[in-house]
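S.K.: The following block contains the structure, expressed as structure tokens.
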Amino acid sequence: MNVLFVGEIVGKPGITCAKNLKDLREKHHVDFVIANAEGATGGFGLGKAHAIQLHKLGIDVLTGGEKIYFKLDMVDFLGKNNWILRPANYPMGNPGRGVRIYPVGDKNLVVINLLGTSSFNRVHLNNPFGLVQSTVEKMRSEVKDPVFLVQFHASTSAEKQTMGYMLDGKVSAVIGTHTKVMSADARILPGGTAYITDNGRCGSQMSIGGFANDVELRKLLTSIPERSRENWNQLELQAVLVQIGEDGKATGIEPIRVPVEDSGVPEGEA
């Protein structure tokens, strides 16, 4: 089984990159696509219209993090579909779910989305480490032929590495998101779990986190709030392709970077 984990989609430039997914799925014989869409709507949250558009482009599951509730129409929409995952360690009564089961061939993919606890001051969450262990144990006893895929949206590399080694041999993959910079540590851990600290982003690579450099520089230099602006310079789709064997162990993890040419760049936004 081949599972493609797409890096964080940043604004309209990131959505433009996602239009290449059909060819990518065919080229690498991809069975399932998971993408972090935390910043698909203007870089801050995910709106309903953009979620539907990305799903139609070939993304089977969209995940969010600390900004999943930023767009009001998403708060209601989360409870009406099974292909958008909020972090599982939000309060139980919150709209949406953080764990879903997706049949693929003769296997059942159990996708678990989690949010780290470091540096996210806006939210107060349950401990993701204890939660994911109990979730895996519960699902293993209830689901036939489960393949566990964990996406961990966390701020620090230490938190993500801890999650990777804790779950090594218990899940097929632990994929980190949030920093929007692809890390150079894609590997198979000793127990057979595919791991990377961050699988990058879809959007402008000649930018600060996918945003216009001048705006982000001013904000840091002056501490005066200013709305971030999308950047269209040097677009690229980033992802990792994870190969999983019949026994649920990962057999490979391959970073993918696809340059994207776009002729529809809005005037003055390059």
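The values are calculated or read from the model by the stated rules, or taken from the named source; none is laboratory data. Treat the numbers as computed from the prediction; the structure is a model and nothing was measured. Positions of Cβ are backbone-derived with ideal geometry, glycine not excepted, and every protein chain shown enters the neighbour counts. We work out accessible area using only protein heavy atoms, side chains counted, and drop any ligands, DNA or RNA first. Shrake-Rupley method; radii C 1.70, N 1.55, O 1.52, S 1.80 Å.
S.K.: In segment 180-244, carbon and sulfur make up what percent of the accessible area (probe 1.4 Å)?
M.R.: Values: 1640 of 2790 Å².
With neighbouring chains kept in place, the figure for segment 180-244 is 59 percent.
S.K.: Let me ask something else about it. Leaving out ligands and nucleic acids, note down the accessible area per residue over the chain with a 1.4 angstrom probe, in whole Å².
M.R.: Numbers: 11820 Å² over 270 residues.
Here the residues of the chain average 44 Å² of exposed surface.
S.K.: While we're here: Of the beta bridges DSSP finds with both residues in segment 85-210, what % are antiparallel, to the nearest 5? Could the numbers behind the result be given before it?
M.R.: Details: 8 of 25 bridges.
Percent antiparallel among DSSP bridges in segment 85-210 is about 30.
S.K.: For the pairs 22/138; 138/160; 67/180, note any where the Cα-Cα span goes beyond 24 Å. Please list the in-between numbers first.
M.R.: Working: 22/138 35 Å; 138/160 22 Å; 67/180 14 Å.
Beyond 24 Å between Cα atoms: 22/138.
S.K.: So how strong a dipole does segment 139-234 carry about its Cα centre when Lys and Arg Cβ are +1 and Asp and Glu Cβ are -1, to the nearest 20 debye?
M.R.: Numbers: 11 positive and 10 negative charges, 15 e Å.
Here segment 139-234 has a charge dipole of around 60 debye.
S.K.: Moving to a separate point now. Give the lysines reachable from residue 19 as a straight Cα distance under 18 Å; neighbours fewer than 8 places away on the same chain don't count.
M.R.: Straight-distance partners of residue 19: 27, 48, 56.
S.K.: Oh, and also: With only Lys, Arg, Asp and Glu charged, each at its Cβ (+1 for the first two, -1 for the last two), find how big the charge dipole of the chain is about the Cα centre; round to the nearest 20 debye. Don't skip to the end; give the middle numbers.
M.R.: Numbers: 29 positive and 29 negative charges, 113 e Å.
The calculated dipole for the chain is roughly 540 debye.
S.K.: Here's something else I'd like to know. Once you have a ≥ b ≥ c as the square roots of the Cα gyration tensor eigenvalues for segment 1-156, tell me rounded if a/c is under 1.5, and otherwise prolate or oblate according to whether a/b is larger than b/c. Numbers along the way, then the final one.
M.R.: Numbers: a/c = 1.69, a/b = 1.04, b/c = 1.63.
Oblate is the answer for segment 1-156, as a/c is 1.5 or above yet b/c matches or exceeds a/b.
S.K.: Relative contact order for the chain using alpha-carbon pairs under 8 Å, separation at least 6, rounded to a whole percent? Provide the component values of the computation, followed by the final result.
M.R.: Values: 649 pairs, mean separation 51.8, N = 270.
Taking the mean separation of contacting Cα pairs over the length of the chain, I get 19 percent.
S.K.: Taking the Cα centre of segment 128-209 as the origin and placing charges on Cβ (Lys, Arg +1; Asp, Glu -1), which of 206, 161, 179 is farthest toward the positive end of the dipole?
M.R.: Towards the positive end, the residue furthest out is 206.
S.K.: Still on this structure: Helix-only estimate, please: 222 nm mean residue ellipticity of the chain, summing -39500 (n - 2.57) across DSSP H runs of length 4 or more and dividing by its residues, to the nearest 500.
M.R.: Values: 7 runs with 66 residues, N = 270.
For the chain, the value works out to -7000 deg cm²/dmol.
S.K.: Summarise the accessible area of segment 19-105 (1.4 Å probe, protein heavy atoms) by the percent that is carbon and sulfur. Before the final figure, lay out the partial values.
M.R.: On the way: 2070 of 3780 Å².
Result for segment 19-105: 55 percent of the exposed heavy-atom area is carbon or sulfur.
S.K.: When the dipole is taken about the Cα centre of segment 90-153, and only Lys, Arg (+1) and Asp, Glu (-1) are charged at their Cβ, what size is it in debye, to the nearest 20? Write down the numbers at each step before the final one.
M.R.: Details: 7 positive and 4 negative charges, 29 e Å.
Dipole size: approximately 140 debye.
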